[in-house]
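Participant: This is the structure I have questions about; it appears just below.
The values are calculated or read from the model by the stated rules, or taken from the named source; none is laboratory data. Please read all numbers here as calculations on a predicted model, not as lab measurements. Glycine gets a Cβ as well: all are built from the backbone with ideal geometry, and neighbour counts include every protein chain shown.
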């Protein structure tokens, strides 16, 4: 009997590996209401925690009276800083080398700061008791304008570190100063500015916003006093890092801590940090001996855990009259709020902001960043971007448009003139990054051709004539943006968080019947890792994706990794997956050689099997090899088929893209309609086009939200505004436009499968495209720059100030 | 606090319980009835993650007391599939068209879309977008959700057309 081997293309298709639009394996449970999120956890005897929060932005705590709260039926305990001081837990370390109050000690520094933690038998009793904790405050003058933070007479915020003038990132020169970070060549950049034919200068502010995932942050802590083991289920984007930090803070040995991230309802950077709720729940469980749940409500989420941005960027860009850029200078005033809880790799207090030379070949540049304290919530996370990259990209993309205005040049043409050319890669930027690969001219040309950019500009010229003649009250704006992301943090030599190198990991076990489980150090929050990592592996080891389980988020079973944020899962854990797969294949090759009685080198890999070179019918499939690994003694080879890879990436990856946005603005109402949005993304090798497209749609919608409406502000006495969904803008399906997506493919040369990561690109590029479009609509009337968010009021006001309402 | 006696039908099952008058329907469903499909996203009625079908209307269950639902008929995402386990066309279409990512809005979104299609079996894109505007999604940008609802509408109307 001869069994004909199916052709390799047919077998490859059955694997559902790299490049196919595989349907998601996660969806069966989510569409049936069987997801398992933190708030779904219900354990016997579980108690609920809830916070008493400060109504003031800055105040001294005079007294706290718990008696009335403790009298509420069902209330078990009320914790204050006084209870945490003996445990040395009233402050906790932040990711940025500062400390943050777990429960306010002596004074409060921002509105809604955690003051006391009520523990009760149900959430209603806890809420009742929160109202009955009597706290007497003496109000202090609040500081909410970062530009006044370092004034001589500015109020002293951080009394706990007032004498500590050497901060985590160098000397502090004022009691509200956190750090100064400088990169680049100062003198040469100043010379370039002095010698320039043209200098464009602008203050570009990126407002305070919040990632606002639909599920808020929360946890369930359970201390088992019998075996000494602490288990914490939580909304953690980096479960292993949480375990290590929890061990260092609590002094519980790390092997006795188990951190589990169950299903997570979106993260977008919000769930990277460590928050007082986690510490209080753990302490409460240790004290009471039963599990304690804490889940924040939406107002708590928006006003206390992890804001993003709040960067005020002054830029100067030097150029020749023909548009050639000769230098870039930037100073950032960074508002970090009351504690520096910014989530960045240790050596980068302003993240990767020094990617701010963007996609352009700028010979010389200098950046300095000053971080300051104010009476606002701490945070400073990367909201759907790599560390401070959205700020950097917004800065350069607005500056390029400002320069284009000054030169009276088309913004697309100015970009093309200054792009890093394809042959310059790998390219080292003036601020020290080595861009791995890119082909910007091709991407931009494809974007301009597909959208018929020339025709759009002609339409705009006609619109402007009609507007001038009084035939319309609508102005058309065209936003062009080109971005280069820097993701996949990162090489251990320069990237760590709290001393933990930012490698990632994958462990694979092949079962005797030829199916497999892969465990990773990352954790999906909606990205679909269980689907896409199985695809990477299917192509590497020839086992169908449907027969590979991908598991993440349990520190007792998953290999150590630094988690999911900064688009690092595919560049780092994805690489680890491919590398672990190759280890499996190497051992499989030895087993196949034994089974086929040939030398290893005489075998050739063929989709899902090894066959003898020149004789495709003499083969052993991966399933046959797996079975052999478990059922027979093979001389010189250990039984079993498993591998683990810890991948330390040699470099970051640099996804890029060209976005074009067309808006129509009603100058009398300020209403801005997005007529068209075209997004071309190059994320290198594409693992699952369906998932990529979904990521792009979602990222663009978050960019729309930020550019057109999101903002968290504070008044002069420190009241937070915009911290509920009544005020904080989340676009509905009605405001969200139709997204057109496109791509080019420039594989990463150093990544095992050439992938670069994509989840955050659309947010990085999208914000600039929207903002450039709104600014462009008024450009012919003399507008140089107007600040985000471009909500109806602001846009109307811009029109008003330009004299359009006379 | 004295408790109220309530009776209702949830996903075809008769339920009787004693609840505090202030217990929200979402807490009653999730914590007393172990129906954790509907989620809590905002507590203020904006996000729609807690949407259930109550007496033929889409209702945000964080805005209703359990006591107010006394005598009602409720369907949650857990009651969307047929008793034999066959998924509803919407559940199939959301997977087929990648209408979800983190899954947190999905139960509310599907439950809302179910009622929308009951009211308007052949909605236009604009009608779908308007019809689901009480349900927020942070992951998908809605485009694939709209596509999924369109596809489900087609599937649901197909047998009727065939019979004609």
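Participant: With A:530, A:593, A:586 as the choices, which residue is within 14 Å of chain B (Cβ to nearest Cβ), surrounded by fewer than 24 Cβ atoms within 10 Å (Cβ to Cβ) and not in a loop (DSSP other than H, G, I, E, B)?
Facilitator: Numbers: A:593 fails: within 14 Å of chain B (Cβ to nearest Cβ); A:586 fails: within 14 Å of chain B (Cβ to nearest Cβ).
Being within 14 Å of chain B (Cβ to nearest Cβ), surrounded by fewer than 24 Cβ atoms within 10 Å (Cβ to Cβ) and not in a loop (DSSP other than H, G, I, E, B) holds for just one of A:530, A:593, A:586, which is A:530.
Participant: Can you find even one residue in the stretch A:205-225 that is within 22 Å of residue A:395 (Cβ to Cβ), more than 16 Å from the chain's Cα centre (by Cα), in contact (Cβ under 8 Å) with a residue 60 or more places away in the chain and buried (at least 24 other Cβ atoms within 10 Å of the Cβ)?
Facilitator: Let us first name the residues in the stretch A:205-225 that are within 22 Å of residue A:395 (Cβ to Cβ), namely A:205-211.
Cutting the leftovers down to more than 16 Å from the chain's Cα centre (by Cα) gives us A:205-207.
Retained after the next criterion (residues that are in contact (Cβ under 8 Å) with a residue 60 or more places away in the chain): A:205-207.
Now narrow it down to the ones that are buried (at least 24 other Cβ atoms within 10 Å of the Cβ): A:206.
Yes: one or more hits.
Participant: Looking at the stretch A:241-270, I want the residues that are touching a residue at least 60 places away in the same chain (Cβ under 8 Å) and have a partner that is surrounded by fewer than 18 Cβ atoms within 10 Å (Cβ to Cβ) with Cβ atoms under 6 Å, at least 6 apart or on another chain. Which pairs are those?
Facilitator: The qualifying pairs are A:257/A:247; A:258/A:556; A:260/A:554; A:262/A:36; A:263/A:36.
Participant: In this structure, is residue A:358 touching a residue at least 60 places away in the same chain (Cβ under 8 Å), touching a helix residue (DSSP H, G or I) at 6+ places or on another chain (Cβ under 7 Å), crowded, with 22+ Cβ neighbours inside 10 Å and away from chain B (no Cβ under 14 Å)? Talk me through it step by step, then tell me what you get.
Facilitator: Working: touching a residue at least 60 places away in the same chain (Cβ under 8 Å): yes; touching a helix residue (DSSP H, G or I) at 6+ places or on another chain (Cβ under 7 Å): yes; crowded, with 22+ Cβ neighbours inside 10 Å: yes; away from chain B (no Cβ under 14 Å): yes.
In short, yes.
Participant: Shifting gears a bit: If I filter the stretch A:454-471 for residues that are touching a helix residue (DSSP H, G or I) at 6+ places or on another chain (Cβ under 9 Å), on the phi > 0 side of the Ramachandran plot and more than 14 Å from chain B (Cβ to nearest Cβ), do I get at least one hit?
Facilitator: no
Participant: What residue, among those in the stretch A:204-215 that are outside any loop (DSSP other than H, G, I, E, B) and in contact with a strand residue (DSSP E or B) (Cβ under 6 Å, 6 or more places away or on another chain), is farthest from the other protein chains (Cβ to nearest Cβ)?
Facilitator: Just the residues of the stretch A:204-215 that are outside any loop (DSSP other than H, G, I, E, B), to begin with: A:204-209.
With in contact with a strand residue (DSSP E or B) (Cβ under 6 Å, 6 or more places away or on another chain) added as a condition, the list becomes A:204-206, A:208-209.
Working: A:204: 26, A:205: 24, A:206: 20, A:208: 18, A:209: 13 Å.
Per the stated criteria, the residue is A:204.
Participant: Restricting attention to the stretch A:264-305, and to residues there that are within 13 Å of chain B (Cβ to nearest Cβ) and part of a helix (DSSP H, G or I), which single residue is surrounded by the most Cβ atoms within 10 Å (Cβ to Cβ)?
Facilitator: Let us first name the residues in the stretch A:264-305 that are within 13 Å of chain B (Cβ to nearest Cβ), namely A:264-271, A:293, A:295-302.
The next check asks that each one be part of a helix (DSSP H, G or I); those that pass are A:298-302.
Values: A:298: 22, A:299: 20, A:300: 22, A:301: 25, A:302: 28.
If we take residues in the stretch A:264-305 being within 13 Å of chain B (Cβ to nearest Cβ) and part of a helix (DSSP H, G or I), then A:302 is surrounded by the most Cβ atoms within 10 Å (Cβ to Cβ).
Participant: Also, I was wondering about something else. With the requirement that a residue be in contact (Cβ under 8 Å) with a residue 40 or more places away in the chain and either within 13 Å of residue A:553 (Cβ to Cβ) or surrounded by fewer than 24 Cβ atoms within 10 Å (Cβ to Cβ) (or both), what does the stretch A:506-515 give you? Walk me through how you get there before you give the answer.
Facilitator: Taking the stretch A:506-515 and keeping what is in contact (Cβ under 8 Å) with a residue 40 or more places away in the chain, we get A:506-514.
Result: A:507, A:509, A:511, A:512, A:513, A:514.
Here's the yes/no breakdown for (1) more than 14 Å from chain B (Cβ to nearest Cβ); (2) within 30 Å of residue A:434 (Cα to Cα); (3) at pLDDT below 95; (4) touching a strand residue (DSSP E or B) at 6+ places or on another chain (Cβ under 9 Å):
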site	(1), (2), (3), (4)
A:484	yes, yes, no, yes
A:509	yes, no, no, yes
A:514	yes, no, no, yes
A:553	no, no, no, yes
A:556	yes, no, no, yes
A:562	yes, yes, yes, yes
A:565	yes, yes, yes, yes
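Participant: Looking only at the stretch A:25-41, which residues are within 10 Å of residue A:220 (Cβ to Cβ), more than 7 Å from every other protein chain (Cβ to nearest Cβ) and surrounded by fewer than 24 Cβ atoms within 10 Å (Cβ to Cβ)?
Facilitator: A:41
Participant: Answer yes if at least one residue in the stretch B:85-100 is over 23 Å from residue B:147 (Cα atoms), in a loop (DSSP other than H, G, I, E, B), more than 9 Å from every other protein chain (Cβ to nearest Cβ) and under 16 Å from the mean Cα position of the chain (by Cα), and no otherwise. First the steps, then the outcome.
Facilitator: Here is the first cut: in the stretch B:85-100, the residues over 23 Å from residue B:147 (Cα atoms) are B:85.
Still in the running and in a loop (DSSP other than H, G, I, E, B): B:85.
Pick out the ones that are also more than 9 Å from every other protein chain (Cβ to nearest Cβ) and you get B:85.
Narrowing further to those that are under 16 Å from the mean Cα position of the chain (by Cα): none.
No, the stretch B:85-100 has no match at all.
Participant: Give me the residue from the stretch A:725-741 that is more than 14 Å from residue B:144 (Cα to Cα) and buried (at least 18 other Cβ atoms within 10 Å of the Cβ) and, out of that set, farthest from the chain's Cα centre (by Cα).
Facilitator: A:735
Participant: So which helices (runs of 4 or more DSSP H) are wholly in the stretch A:363-474 and hold at least 2 residues that are crowded, with 20+ Cβ neighbours inside 10 Å? Give the steps one after another, and end with the answer.
Facilitator: Values: elements: A:389-407, A:411-418, A:440-451, A:453-468.
Result: A:389-407, A:411-418, A:440-451.
Participant: Still on this model: Within the stretch A:3-20, can you find the residues that are out of contact with any helix residue (DSSP H, G or I) (no Cβ under 9 Å at 6 or more places or on another chain) and touching a residue at least 24 places away in the same chain (Cβ under 8 Å)? Write out each step before concluding.
Facilitator: Step one: list which residues in the stretch A:3-20 are out of contact with any helix residue (DSSP H, G or I) (no Cβ under 9 Å at 6 or more places or on another chain), which gives A:3-4, A:7-11, A:13-14.
Within the stretch A:3-20, A:8, A:11, A:14 meet the criteria.
Participant: Let me ask something else about it. Only residues that are buried (at least 24 other Cβ atoms within 10 Å of the Cβ), more than 10 Å from every other protein chain (Cβ to nearest Cβ) and without any contact (Cβ under 8 Å) to a residue 40 or more places away in the chain: list them for the stretch A:680-722, please.
Facilitator: The answer is none; no residue qualifies.
Participant: Check off (1) free of Cβ contacts under 8 Å to residues at least 24 places away in the same chain; (2) assigned to a helix (DSSP H, G or I) for residue A:69 and give me the number that stays unchecked.
Facilitator: (1)
Participant: May I pose another question? Considering each residue of the stretch A:548-573, count those that are farther than 27 Å from residue A:747 by Cβ and crowded, with 19+ Cβ neighbours inside 10 Å, and give that number.
Facilitator: Here is the first cut: in the stretch A:548-573, the residues farther than 27 Å from residue A:747 by Cβ are A:549, A:551, A:553-558, A:560.
After this cut, where a residue has to be crowded, with 19+ Cβ neighbours inside 10 Å as well, the list is A:553, A:555, A:558.
Count: 3.
Participant: Within the stretch B:107-128, can you find the residues that are under 25 Å from residue A:528 (Cα atoms) and without any contact (Cβ under 8 Å) to a residue 60 or more places away in the chain?
Facilitator: Correct list: B:110, B:113.
Participant: Could you count how many residues in the stretch A:216-232 are in contact with a strand residue (DSSP E or B) (Cβ under 6 Å, 6 or more places away or on another chain) and within 14 Å of chain B (Cβ to nearest Cβ)?
Facilitator: Looking only at that region, the number is 2.
Participant: Sticking with this one: Can you name every residue in the stretch A:723-750 that is more than 10 Å from chain B (Cβ to nearest Cβ), in contact with a strand residue (DSSP E or B) (Cβ under 6 Å, 6 or more places away or on another chain) and part of a loop (DSSP other than H, G, I, E, B)?
Facilitator: Matches in the stretch A:723-750: A:744, A:746, A:747, A:748.
Participant: On to the next question. Inside the stretch B:92-109, can you point out the residues that are surrounded by 24 or more Cβ atoms within 10 Å (Cβ to Cβ) and under 21 Å from residue A:693 (Cβ atoms)?
Facilitator: B:93, B:94, B:98, B:99, B:100, B:101, B:102, B:103, B:104, B:105, B:106, B:109
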